[in-house]
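What follows is one structure encoded as structure tokens, with my remarks underneath.
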Amino acid sequence: MQDLEPVRARTLARIAAAGDEAAIEALRVAALGKKGEISLMMRGLGKMTPDERRQAGPRLNALKDEINAAIAARKAALGDAALAERLETEWLDVTLAPRPIAQGTIHPVSQVMEEVIAIFADLGFAVAEGPQIETDWYNFDALNISPEHPARQEMDTFYMARAEGDERPAHVLRTHTSPVQIRYMEEHGVPCRIIAPGRVYRCDYDQTHTPMFHQYEGLAIDREISMANLKWVLEEFCRAFFEVEGVELRFRASHFPFTEPSAEVDIRCSWAGGQLKIGEGDDWMEILGSGMVHPDVLEAVGVDPKVWQGFAFGMGIDRIAMLKYGIPDLRAFFDSDLRWLRHYGFAALDMPTLHGGLSA
Ligand code: PHE
């Protein structure tokens, strides 16, 4: 019988050095598997004399047991080490307060602006912007509102303070987004098709008015644009935006210095029980002013009104947000009350698209 000590020492050393379960299993097969080193030696017992067998048998069995025990011990040690490592890295302090979860929401005004932009982008309108602090000329004169025009008083304009003796024309907080019509045509000329969303300011405060609110201006100038195009665009917009069957619009003849003819548009709604609902009831809420751009406005930006014509409109973003989402008081939009924001806010990742659903 050969000396078992080298086999024993080698096998035990390898087991002790094995780094994972797979390595241990490979060593077990190499030693004790069907064709393993020790198994083959045991098979050799049959060819031995009874004397030899009496000596070798117990020694081989003892070695087999020792190797099995070493394997079990190594496996356990590896398991302990893995557990120790996890315990080291994956601990949790249960005495800490719960981690804050993301709580911000998209304000209904931002949501509605995105919805409006998505709808008009589909109709081929680009987005334009202008400053909130305007000169008299852009906010009034260029829009055919002369200094004596009553509209200057009607608009409840906020004038910027001027230094003593400063005779330059006053700056104003823009009272509407219409000055963006002027700025856009000055810079880009015609034809054009834009919407211009943004903040506007008027000294007014009640359930449906706040001193700062949001409008978006629409402007389409080309050679053959008519009032019929205006009406179609507005109806198309309302159908897409309100996502309800049977939104009813009312076009009312009106007057703006910068359009001729002019129309204001109201939408049928109900305030019953403090709830604001569209498409039903006997009330009407005004949502926009509109009309065909006045020739004087085109002339103010050097566009020939004999060649070019088009429509413009200005719509209240907060108003249509109130109507669509049933929010009865405009003042709450700007109170920054967290409970209100959580209730009416939108999830940050739900970007409105026409194909994916505007407000879904
Ligand atoms: N600027 C007008 C307002 O704020 C709305 C309007 C825009 C009307 C464009 C006609 C054309 O009331």
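Values as computed for the structure displayed
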| read-out | value |
| --- | --- |
| Only one of Val265, Val293 that is within 16 Å of the ligand (Cβ to nearest atom) and under 31 Å from the mean Cα position of the chain (by Cα) | Val265 |
| Inter-residue pairs, beta-carbon under 7 Å, first more than 12 Å from the ligand (Cβ to nearest atom) and in the stretch 139-161, second open to solvent by 70 Å² or more (accessible area, probe 1.4 Å) and not aliphatic (A, V, I, L, M), 6+ apart | Phe158/Cys203; Met160/His171 |
| Some residue of the stretch 329-338 being surrounded by 17 or more Cβ atoms within 10 Å (Cβ to Cβ), in contact with a Cys (Cβ under 9 Å, 6 or more places away or on another chain) and assigned by TED's automatic domain parsing to the domain that holds Met212 | no |
| Which listed residue is assigned by TED's automatic domain parsing to the domain that holds Asp335, open to solvent by less than 10 Å² (accessible area, probe 1.4 Å) and closer than 23 Å to Tyr138 by Cβ, from Phe213, Phe313 | Phe313 |
| The stretch 282-296, residues that are without any contact (Cβ under 8 Å) to a residue 60 or more places away in the chain and open to solvent by 30 Å² or more (accessible area, probe 1.4 Å) | Asp282, Asp283, Trp284, Glu286, Pro295 |
| Residue check, Ile287 touching a helix residue (DSSP H, G or I) at 6+ places or on another chain (Cβ under 6 Å), under 20 Å from Thr177 (Cα atoms) and among the β-branched types (Val, Ile, Thr) | yes |
| Given (1) more than 29 Å from the chain's Cα centre (by Cα); (2) within 27 Å of Ile182 (Cβ to Cβ), index of the condition Arg319 fails | (1) |
| Lone unmet requirement of (1) open to solvent by less than 10 Å² (accessible area, probe 1.4 Å); (2) over 15 Å from Val127 (Cα atoms) for Pro169 | (1) |
| Filter pass, Glu85 being open to solvent by 60 Å² or more (accessible area, probe 1.4 Å), in a helix (DSSP H, G or I) and either in contact (Cβ under 8 Å) with a residue 24 or more places away in the chain or among the hydroxyl-bearing types (Ser, Thr, Tyr) (or both) | no |
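The values are calculated or read from the model by the stated rules, or taken from the named source; none is laboratory data. Everything numeric in this text was worked out from a predicted model, so none of it was measured. Ideal geometry is used to build each Cβ from the backbone, glycine not excepted, and the neighbour counts take in all protein chains shown. Accessible surface areas use protein heavy atoms only, side chains included; no ligands, DNA or RNA. Shrake-Rupley method; radii C 1.70, N 1.55, O 1.52, S 1.80 Å.
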